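The values are calculated or read from the model by the stated rules, or taken from the named source; none is laboratory data. Treat the numbers as computed from the prediction; the structure is a model and nothing was measured. Positions of Cβ are generated from backbone atoms using ideal geometry, with glycine treated the same way; all protein chains shown enter the neighbour counts.
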Amino acid sequence: MQNDRSRSLILYHFVVVIFGFSSVLGALISLDAIPLVIYRMGLAALGLAFFFAVYKPNYFHLSRDMWGKVVLGGIIIAVHWVTFFHAIKVAGVSLTLSMMATGAFITAMLEPLLTQRKILIYEILFGGITAVGVGLIFNAEFEQFYGILVALLSAFLSALFTILNNQMVKKALPITLSFYELLVGTVVGVFYVLIFGNYTWNNFQFSGYDWIWMLALAWICTSYAFNISIKVMKHLSSFTIMMIINLEPIYGILLSLAIWNEREYMSPSFYLGFFIVLGSILINGIYKHKKEGLKKRI
C-alpha cells in the first residue's frame, strides 16, 4: 500500500510537469479558448476510443449509476479548461498559474462540505502557505482584475473536479472515466458553439504549427496525463493532489525559461516562493506519512 502511494506520488509529479507544459502549449496555440478546448477534448477522446477499440473493448463499459456524475465531471472539466486557457490569453501564463495555486486552499474548504468529513486545520494552513508562496513567485498584478477572477474560477472548478473524481475512481476504471468525461466535455463545447453561434469556421482554423501543438496537447497532455491524474486518486487524497498541482506554476515557468529563455522571471521572489511551495508540500507529505504510521501502530 505504501509502495503504491509512493509510486503514485512520483507519477503524479511527472503528470504535473506535463500539465505545466500544457499551459505553454495553450499560449503557443493561436486559437481562442473554446475552440482550443473543443479540439483538445475531442482529439483526446478520439485517441482513447481508438485504444479501447483495438486493445481493450471492455473499457467502454460504464455502469448506469455512474452516468450522472460522469456527465457532471465532463461539464466541470470543460468549463475549467475554457476558463484556464481564457485566463492565459487575457492575463498570461504566470498570473494564471499563480491563481491556480489557490486550488489546495479551496479543496481544504470545499471537500468537508461535499463529503461531510471534518475540516482539518493543517490542510487549511498548508494550502494557505502554498498560495502565498506562488503569489510571491509571480507578484500577481491586481490591475489584471478580470484575468484574476477567471483564473480563480478555474481553480475552483479544478478543486471541485478533483473531489468528484476522487469519489468516482473507487467505482470505475480511471481510463473509462477519462474517456467519457472528455467526450461529454467535447459535446458540451460543440453544443455551446452551435446554440450561441458566436464562432465561425475561421475560429477553428489552424495557423503555423498550431496542429502540432494541438496534437501534443490532446494526446500527451490530455489523453495520457488526464488518465494518469485520475488513476493516482486511488492512492492519494484530494488535498495531496491539489498540493502537488501547486508545483505546476514552478514547472510551467521553468519550461517557459527553457523554451523562451524568459530570464526576467527568475527574480528573488521566484526563489522565495519556490522554497515556500516546495517546503509546504514536503511538510504536508511528511506529516501525513507520520500520521498514517501512527494510526497503524495504534
Look through segment 200-223, keep the residues that are in contact (Cβ under 8 Å) with a residue 24 or more places away in the chain and polar (S, T, N, Q), and return whichever of them is nearest to Glu248 (Cα to Cα).
Thr222
Every residue in segment 6-30 that is out of contact with any helix residue (DSSP H, G or I) (no Cβ under 9 Å at 6 or more places or on another chain) and not β-branched (Val, Ile, Thr), please.
Ser6
Tally time: how many residues in segment 148-173 are among the small types (Gly, Ala, Ser) and either under 11 Å from Ile230 (Cα atoms) or in contact with a Lys or Arg (Cβ under 9 Å, 6 or more places away or on another chain) (or both)?
1
Got a number for residues in segment 38-78 being farther than 17 Å from Leu160 by Cβ and buried (at least 21 other Cβ atoms within 10 Å of the Cβ)?
7
Hits in segment 79-116 (condition: among the small types (Gly, Ala, Ser) and surrounded by fewer than 24 Cβ atoms within 10 Å (Cβ to Cβ))
Ala91, Gly92, Ser94
Phe14 being farther than 30 Å from Asn203 by Cα, within 16 Å of the chain's Cα centre (by Cα) and hydrophobic (A, V, I, L, M, F, W, C)
yes
Considering only residues that are of a type in the set (S, T, N, Q) and over 17 Å from Phe85 (Cα atoms), look in segment 206-245 and name the one that is nearest to the chain's Cα centre (by Cα).
Ser229
Residue selected from segment 157-179 under the condition over 14 Å from Leu72 (Cβ atoms) and of a type in the set (Val, Ile, Thr), by the criterion modelled with the highest pLDDT:
Thr176
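The rows are residues; the columns are (1) at pLDDT below 90; (2) hydrophobic (A, V, I, L, M, F, W, C); (3) closer than 26 Å to Thr240 by Cα.
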{"residue": "Phe19", "(1), (2), (3)": "yes, yes, yes"}
{"residue": "Ser23", "(1), (2), (3)": "yes, no, yes"}
{"residue": "Leu31", "(1), (2), (3)": "no, yes, no"}
{"residue": "Pro57", "(1), (2), (3)": "no, no, no"}
{"residue": "Phe60", "(1), (2), (3)": "no, yes, no"}
{"residue": "Leu72", "(1), (2), (3)": "no, yes, yes"}
Does Ile119 satisfy the condition of being without any contact (Cβ under 8 Å) to a residue 60 or more places away in the chain, surrounded by 14 or more Cβ atoms within 10 Å (Cβ to Cβ) and touching a helix residue (DSSP H, G or I) at 6+ places or on another chain (Cβ under 7 Å)?
no
Residues in segment 81-102: is at least one touching a Leu at 6+ places or on another chain (Cβ under 6 Å), modelled with pLDDT of 90 or more and among the β-branched types (Val, Ile, Thr)?
yes
Name the one entry in Ala91, Ala49, Ala53 that is in contact with a Gly (Cβ under 7 Å, 6 or more places away or on another chain) and of a type outside the set (Ser, Thr, Tyr).
Ala91
